[in-house]
Structures are given as structure tokens and as C-alpha cells.
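Please treat every number below as a calculation from the coordinates, not as lab data. Bear in mind that the values here come from a model prediction, so they are computed numbers and not experimental data. When we count neighbours, we look across all protein chains shown, and the Cβ atoms used for this are built from the backbone with ideal geometry, even at glycine.
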Amino acid sequence: MKKAGIRIEDLHLSFGDTTVLAGIDMEIYPGEFFAFLGPSGSGKSTLLRAIAGFGPRPKGRILIDGKDIADLPPWKRNVGMVFQSYALWPHMTVRQNVAFGLEERRMPRAQIGPKVEAALDLVGLLHLAERMPSQLSGGQQQRVALARTVAIEPQVLLLDEPLSNLDAALRVQMRRELLSLQRKLGLTTIFVTHDQEEANTTSDRMAVLDGGVIQQIGTPQELYDTPVNGFVAGFLGTAN
Ligand code: ADP
Ligand code: MG
């Protein structure tokens with residue numbers, strides 16, 4: 001599949017009197033692993049949800065491959081999102097969880113089986129296909145959530161703090177797995193985190209977000225070498 005670029009133009013979003021996104025303008029390149037780094041409450045999840053089509057409609061434009069998606073429902077946007085809480089269906093097996101999104105999209109049954117198996121194989125969990133989520137470790141559950149999302153073959157992968165519920169050692173391992181999966185699929189990926197090391201070690205480029213405003217955008221090296229303000233310097237230096 002052709003790699004998708006994303007352009008965000010003058011994006012604003014408020015909840016009542018609270019401005020959460022205060023004019024986001026930026027571009028994410030086709031095939032890029034892009035990280036949004038920012039403290040809790042900076043608007044990271046709201047921005048990701050706006051791209052996915054969840055929550056209130058923001059002002060401004062979101063274009064994927066030049067096409068404005070703001071008025072499309074989530075399932076027509078060609079984006080797949082993985083959440084911090086894996087949100088697997090507890091009453092379904094691993095296989096059924098991964099198949100669910102394809103059934104929802106009314107894919108013919110004969111095609112679903114092979115797609116589910118390919119997705120589970122990709123994350124190394126084919127042998128656990130008949131297990132229930134409760135019989136899996138946290139890392140395995142997160143791999144199922146990933147498989148479920150890549151099975152729908154999105155153009156864009158959105159990851160909202162997908163590793164933050166895992167213990168430290170597993171987080172480092174999953175970070176590598178995530179990156180290798182992304183490289184293999186060449187999937188334009190937006191990764192949200194409050195962990196500067198996680199952003200630094202995974203991303204091609206990153207943006208530091210604070211108060212719904214992008215403070216700085218560039219390669220991890222550029223941000224570390226030449227932070228534009230005290231917030232960026234402090235956040236990269238002290239946050240973990
Ligand atoms: P982050 O993911 O960076 O921690 P969020 O995007 O979740 O930040 O939230 C940014 C701000 O928007 C917070 O102040 C939060 O309280 C507020 N917010 C998020 N969702 C809602 C909502 N549905 N209703 C009201 N306020 C919200
Ligand atoms: Mg969040």
C-alpha cells in the first residue's frame with residue numbers, strides 16, 4: 001500500500017471553556033515514525049482521537065494524502081488506533097478479538113481467517129490464538145491489540161501510550177518490537193508518550209506538546225541539541 005502523509009492545519013478544539021488544542025499546524029511524512037511527547041493534560045490523546053475521528057469535531061483540517069478526513073466517520077479514515085488500556089473483548093478469544101474489526105467491516109469470511117493469522121503471526125502470537133485475554137500477560141495482550149489494529153490494514157497507525165501499562169523491562173522490549181513492526185510494514189505511525197526516552201529512541205521526528213501548542217518539532221537530535229525554550233529543555237532533561 002502507498003505510504004500516507006498527514007497534514008494538520010490550524011487545528012483547534014475546546015471542551016467548554018477549556019482550550020485543549022490551540023492551533024496545531026504540522027506535517028507527518030509518509031512512512032514516518034512520529035512521536036508526540038508532552039506532559040499529562042497537554043492534549044496528546046485529544047489530538048490523536050481527533051485524527052482517528054473520536055470525540056468532538058475540531059476546527060481546522062486534517063488531511064491524509066491530501067484528502068480532508070474531518071467529516072468521515074472513524075471506520076472510513078483508514079486509521080487504526082491502539083489505546084493505553086488494550087480494550088480487548090474479555091469474552092472473546094484472541095482470534096475472535098483480531099477478527100472482530102474485519103467482521104465489522106463486512107469482509108468476506110473466507111478472507112478473514114488468513115488475515116487474522118497473518119496479523120497474529122506478525123506479533124508472534126499465532127500459537128495463542130485460542131486463548132482468552134485473561135490468560136495472557138500484559139505484553140501479550142498489547143501484542144493482540146496491535147495485531148487487531150494492523151489486521152484492518154490501516155494507512156496510518158495511531159498509538160496512544162501503548163506501553164505505559166507494562167513494567168520497565170518489557171516496555172523496552174516492546175518498544176523495539178513496535179519499531180521493527182513499523183519498519184516492516186512501512187506504516188505511517190504516530191506514537192504518543194509522556195516518556196522522553198521512549199520518544200527519543202523510537203521516532204524519526206517528534207513534537208513536544210504543551211498546553212495544546214507544539215513547542216518544537218524536529219528530530220530527537222535537533223530537540224536535544226537546540227531546544228527552543230525552557231519548557232522543551234526542561235521536559236527533555238528531567239521527565240521520564
Ligand atoms: P494528554 O493525553 O496529553 O494527557 P488529553 O488530551 O487527555 O491530554 O487532555 C487534555 C485536556 O483536555 C485535559 O485538561 C483534559 O482534562 C481535557 N479533556 C480531555 N477530554 C475531555 C472531555 N471529554 N471533556 C472535557 N475535558 C476533556
Ligand atoms: Mg493521554
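Binned at 10 Å from 0, what are the whole-percent values of the Cα-Cα distance distribution for segment 1-126, short to long?
In whole percents, the pair-distance histogram is 11, 35, 33, 19, 3, 0.
Add +1 for every Lys or Arg and -1 for every Asp or Glu among the other residues with Cβ under 14 Å from the Cβ of residue 46, and state the total.
+1
At 222 nm, what value in deg cm²/dmol follows for the chain if DSSP H runs of at least 4 each add -39500 (n - 2.57) and the sum is divided by all its residues, to the nearest 500?
So the helix-based figure for the chain works out to -11000 deg cm²/dmol.
Two decimals, Cα atoms only, Kirkwood Rh: what is Rg/Rh over segment 150-240? Spell out each step's value before the answer.
On the way: Rg = 13.7 Å, Rh = 14.1 Å.
On the Cα set of segment 150-240, Rg over Rh gives 0.98.
Can I get the semi-axes of segment 1-66's equivalent ellipsoid? Compute them from the C-alpha gyration tensor as square roots of 5 times the eigenvalues, in angstrom, largest first.
Square roots of five times the eigenvalues give 22, 13, 10 Å.
Order by neighbour count: 103, 32, 198, fewest other Cβ atoms within 10 Å first, most last.
Ordered by Cβ neighbours within 10 Å, fewest first: 103, 32, 198.
Quick one: work out Rg over Rh on the C-alpha atoms of segment 30-97, Rh as Kirkwood radius. Could you put the intermediate results ahead of the total?
Working: Rg = 14.3 Å, Rh = 14.2 Å.
Looking at segment 30-97, the ratio lands at 1.01.
So for the chain: antiparallel DSSP bridges make up what percent, rounded to the nearest 5?
Numbers: 20 of 38 bridges.
Within the chain, antiparallel bridges account for around 55 percent of the total.
Project the alpha carbons of segment 162-206 onto their principal axes and report the range along each, largest first, in whole Å.
27, 19, 14
Which percent of Cα-Cα pairs in the chain sits in each 5 Å bin, short to long?
Reading upward from the zero bin: 1, 6, 14, 18, 19, 17, 12, 8, 4, 1, 0, 0.
Given a Förster distance of 22 Å, report the FRET efficiency between residue 183 and residue 126 from their Cβ-Cβ distance, rounded to the nearest 0.05.
Working: r = 21 Å, r/R0 = 0.94.
Efficiency computed from Cβ-Cβ geometry: 0.60.
Given the C-alpha atoms of segment 105-157, compute the convex hull and give its volume per residue in Å³.
Convex hull of Cα atoms, per residue: 90 Å³.
Around residue 228, with a cut-off of 15 angstrom between Cβ atoms, what is the net charge of the other residues, counting Lys and Arg +1 and Asp and Glu -1?
Working: positive: 205; negative: 210, 222, 225.
In short, -2.
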